[in-house]
Structure formats: C-alpha cells, structure tokens
Amino acid sequence: MQLARVTGTVVATVKTPGLTGVKLLIVQPLDRHLQPLGGQVVAADAVHMAGPGELVYIVAAREAAQAMPDTFVAVDHAILGIVDAVTELPESARGPAETSRPDAQARPTKAPRP
C-alpha cells in the first residue's frame, strides 16, 4: 500500500463492463513525509467516496484488480481507503531496520488538506 493525494478526476463515457459505475481519479503517490513521489497515476475508487484533495491509500497491479467489485478487471491502481491521520513512531519505538536508515526521524504528521 502507498499513500497518495487525489489531485483530479477522469471522465470516461465508455469503459470496460467491469468498470461501469466506478469513479476514476488522478492521484499523486507520496513518500513517508507526504511529499510527491514519482508521477501521477489514474486509480479506480474502490471505496466510492474519495474526492479531490483527500489523502488516500492505494494499491497497484494484481491487488488493485482484486479490490474491485468485479475482480480482475483491467485496472493498474485502486484506492482502498481514505486516510484521517498519519503518525510516525518515535525512533526509540522503531525496529532496527527503521532506525538504521539515514532518513528515519521521529516525525508525527497530520494529514493536511491542500
């Protein structure tokens, strides 16, 4: 799973039958500090509630296809949830793999709205 911010919508009047009624949204994947990571992608809204500006979590590839009402429909990314808040654990509470990374810092983060 990966955090992402919904940045727009896609209107498609003709879709494959498995996507009928499914909203398509443009999302910007984010890193652990909620900064943009890579390019924007189109994601199918499996929760039927996400909208522009919201912080969501997405999955890609086979997991995205399985998240849809008609499983294995042709999607590359799917929105699985809307995020209310993000909080990182303090460094003392992390395992050795996390604390040995140079970018590991105690950083509580609230999911800001744009």
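Read-outs throughout are calculated quantities, based only on the coordinates presented, and are distinct from any laboratory measurement. Keep in mind the model is a prediction, meaning the values are calculated, not measured. Here Cβ is always computed from backbone atoms with ideal geometry, including for glycine, and neighbour counts include all displayed protein chains.
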With x for Gly and Pro, the residue-by-residue ³J(HN,Hα) of region 24-32, computed from phi through the Karplus equation 6.51 cos²θ - 1.76 cosθ + 1.60 at θ = phi - 60° and given in whole Hz, is 10, 10, 8, 10, 9, x, 10, 8, 5
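For GLN40, what charge total do you get from the other residues with a beta carbon under 14 Å from its beta carbon, if Lys and Arg give +1 and Asp and Glu give -1? Let's see the in-between values first.
Numbers: positive: ARG5; negative: ASP76.
Computed value for this residue: 0.
Quick one: grab the alpha carbon gyration tensor of region 10-51, order the square roots of its eigenvalues as a ≥ b ≥ c, and give me rounded if a/c is under 1.5, else prolate or oblate depending on whether a/b is larger than b/c. Write out the running numbers ahead of the final one.
On the way: a/c = 3.32, a/b = 2.24, b/c = 1.48.
Cα axes put region 10-51 in the prolate bin.
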What FRET efficiency would be calculated for the residue pair THR13, GLU63, taking the C-beta separation as r and a Förster radius of 30 Å, to the nearest 0.05? 0.65
Given Cα pairs under 8 Å that are at least 6 residues apart, what percent is the relative contact order of region 2-109? 23
For region 39-48, what does the Karplus curve 6.51 cos²θ - 1.76 cosθ + 1.60, with θ = phi - 60°, yield as ³J(HN,Hα) per residue in whole Hz, taken in order and with x for Gly and Pro? x, 6, 9, 9, 10, 7, 8, 6, 8, 6
Through the Karplus equation 6.51 cos²θ - 1.76 cosθ + 1.60, θ set to phi - 60°, convert the phi angles of region 74-90 into ³J(HN,Hα) values in whole Hz; use x for Gly and Pro. 6, 10, 9, 9, 9, 8, 9, x, 9, 8, 8, 7, 10, 9, 8, 6, x
